[in-house]
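**Student:** Take a look at the following structure, please.
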Amino acid sequence: MAILYTVVVIFFVLAAGLLVYLVLSQEPKQGAGDLMGGSTDLFSARGVTGGLYRITVALGIIFAVLAFVLGHIPR
C-alpha cells in the first residue's frame, strides 16, 4: 500500500505543478466588463486559449480526484 500511496502523491504533485503552469500561461481577458457592470462571458474561450482552457479543466478534475483518493488511501 505504501507504493500505491507514493505513486499517487507523485502524480498529485505533478498535476498541481502543471495546473499552476497552465493557469499562469493563459492570457487574461481584455476589458473592464466586471468593473463597469458589463457582462463578459466567463466560459467563451476561443482558439489556443480554448484548448488551454479545456486542458486546465480536465487537469483540475484529475487534481480533485487524486486529492479524494489521497484522502482515502491509508498510509
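The values are calculated or read from the model by the stated rules, or taken from the named source; none is laboratory data. Fair warning: this is a prediction, and the values are worked out from it, not measured in the lab. Note that each Cβ is placed from the backbone with ideal geometry, even for glycine, and that neighbours are counted across all protein chains shown.
**Student:** So, in the range 22-35, how many residues would count as being in a helix (DSSP H, G or I) and either surrounded by fewer than 11 Cβ atoms within 10 Å (Cβ to Cβ) or at pLDDT 95 or above (or both)?
**Tutor:** Qualifying residue count for the region: 2.
**Student:** Please state which of the following conditions GLY38 fails to meet, knowing it meets all the rest: (1) at pLDDT below 60; (2) assigned to a helix (DSSP H, G or I).
**Tutor:** (2) is the only condition that GLY38 fails.
**Student:** Which one of the conditions (1) under 28 Å from THR6 (Cα atoms); (2) at pLDDT below 90; (3) among the small types (Gly, Ala, Ser) does ALA64 fail to meet, given that it meets all the rest?
**Tutor:** It is condition (2) that ALA64 fails.
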